[in-house]
Amino acid sequence: MKKYKFTINGNIYEVNIQNVEDNMAEVEVNGTAYKVEVDKAIQTSKTPRLIRSVSVPSTDSAPSLAKTSGPGTAKGTGNIKSPLPGVILDIHVREGDTVKFGQKLITLEAMKMENNITADKEGKVVSLKVGKGDSVMEGDVLIVIGD
């Protein structure tokens, strides 16, 4: 059922289209039902309309938060998350190590391929949340980096 509002000569009409078959339409105008003959047969589309919802990557814990630190916040703090599900093959850092931007931290096997997880911030490794051989899911925290 589709609803329309028409204004004709200053009068407002609320029209509900109940049913359409060939060139006959059952409509309701301001609460009164009518059968209307249409000059031309109405073609209804059989193709469904695709409506996509807004997609947020699962690695974002809160999409509304800024991805960079503000002027007053500590630099180089945060979590390194898994970009995809896989198995930890090797860990190249230990707790207490200082890491630089772009340094290789972990080797992750995903879909029979080795992927290097690198530091996207500088700082000290506060804690390792995974071990060699652990299975991880997309978005799991692997390493916590702090000052």
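The values are calculated or read from the model by the stated rules, or taken from the named source; none is laboratory data. It should be emphasised that the depicted structure is a prediction, and the values quoted were computed from it without experimental measurement. Cβ sites come from the backbone with ideal geometry, for glycine too, and all protein chains shown count toward neighbours.
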In the list 102, 96, 123, 133, which residue meets the criterion of being out of contact with any Leu (no Cβ under 7 Å at 6 or more places or on another chain) and surrounded by 14 or more Cβ atoms within 10 Å (Cβ to Cβ)?
123
Condition first: assigned to a loop (DSSP other than H, G, I, E, B) and aliphatic (A, V, I, L, M). Now tell me which residues in region 95-147 satisfy that.
111, 119, 130, 137
Of the numbered conditions (1) within 26 Å of the chain's Cα centre (by Cα); (2) modelled with pLDDT of 70 or more; (3) in a loop (DSSP other than H, G, I, E, B), residue 67 fails exactly one; give the number of that condition.
(2)
Taking region 2-42 only, how many residues are out of contact with any Phe, Trp or Tyr (no Cβ under 9 Å at 6 or more places or on another chain) and at negative phi?
21
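Just to be sure, is residue 62 at pLDDT below 90, within 30 Å of residue 130 (Cβ to Cβ) and surrounded by fewer than 10 Cβ atoms within 10 Å (Cβ to Cβ)? Walk me through how you get there before you give the answer.
Values: at pLDDT below 90: yes; within 30 Å of residue 130 (Cβ to Cβ): yes; surrounded by fewer than 10 Cβ atoms within 10 Å (Cβ to Cβ): yes.
Spelling it out, residue 62 is indeed at pLDDT below 90, within 30 Å of residue 130 (Cβ to Cβ) and surrounded by fewer than 10 Cβ atoms within 10 Å (Cβ to Cβ).
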